[in-house]
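Notes follow once the structure below has been shown.
The values are calculated or read from the model by the stated rules, or taken from the named source; none is laboratory data. No experiment lies behind these values; they were computed from the predicted model shown. For neighbour counting, all protein chains shown are included, and Cβ atoms are generated from backbone atoms with ideal geometry for every residue, glycine included.
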Amino acid sequence: MEIVGPEESERESGFRRRTEEDERMVHFDARMVVCSPPGRYVVNLPPHGKTRYKLYFDALADGESHIPQYRLELVTLHCHDAQEYADRVYIKVNGTTVWGPRRMRTGNTLLLDDAGILSIPNLTTVQLWEDDERHRDDFFGELMLRIGDDSDFIHNQHFTFSRDKGISGDASYTLTYRIRESH
């Protein structure tokens with residue numbers, strides 16, 4: 001099990017995985033979790049077959065009432081290489097679908113205005129998926145945003161999601177996005 005947080009070297013976890021008769025459930029004994037510094041943490045749970053789970057939680061400092069928030073604006077999505085003739089892609093932010101599914105082919109660029117401006121914590125995941133009507137949805141990749149004092153709040157940022165490496169039809173998409181401080 002992997003825990004991702006603002007300062008991985010400075011936190012400890014009391015999480016323990018137990019297996020039960022019902023394999024569909026994962027139980028945690030969260031006797032104590034010490035997180036330093038405060039912020040959003042993501043626990044990457046062990047895979048269960050082909051299924052992957054993540055646990056998101058916020059850690060507050062004594063006397064704080066909320067985690068600092070930022071604004072995420074998804075600007076465009078460009079398809080360099082579609083996995084199929086046309087992919088039906090969608091975007092999740094922190095596990096919630098915020099855009100799509102929309103049909104895209106190699107060479108297409110779509111504006112993501114309808115995703116809106118999202119309020120996000122300092123640790124945020126952005127995932128690209130393909131809505132596969134015949135099978136399980138395909139995971140095209142994940143962007144992990146760790147927002148801090150050194151983050152670029154002025155320029156557009158770019159991230160390329162690639163399902164595989166270097167083969168035609170492997171799915172390659174570039175997301176353009178902006179991060180802003182909330183005031």
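So is Arg71 more than 21 Å from Asn44 (Cα to Cα) and without any contact (Cβ under 8 Å) to a residue 24 or more places away in the chain or not? Taking the combined requirement at face value, the residue does not satisfy it. There is no residue in the range 64-86 that is in a strand (DSSP E or B), in the same structural domain as Ser172 (by TED's automatic domain parsing), modelled with pLDDT under 95 and among the aliphatic types (A, V, I, L, M).
Whenever a residue of the range 98-112 is in the same structural domain as Tyr173 (by TED's automatic domain parsing), its partners that are surrounded by 16 or more Cβ atoms within 10 Å (Cβ to Cβ) and outside any strand (DSSP E or B), lying with C-beta atoms within less than 7 angstrom and at least six residues away or across chains, give the pairs Val98/Ala115; Trp99/Leu112; Trp99/Ala115; Met104/Ala82; Arg105/Ala82; Thr106/Ala82. Out of Val33, Val43, Val26, one residue alone is at pLDDT below 50, surrounded by 12 or more Cβ atoms within 10 Å (Cβ to Cβ), more than 30 Å from Leu110 (Cα to Cα) and of a type in the set (A, V, I, L, M). It is Val26.
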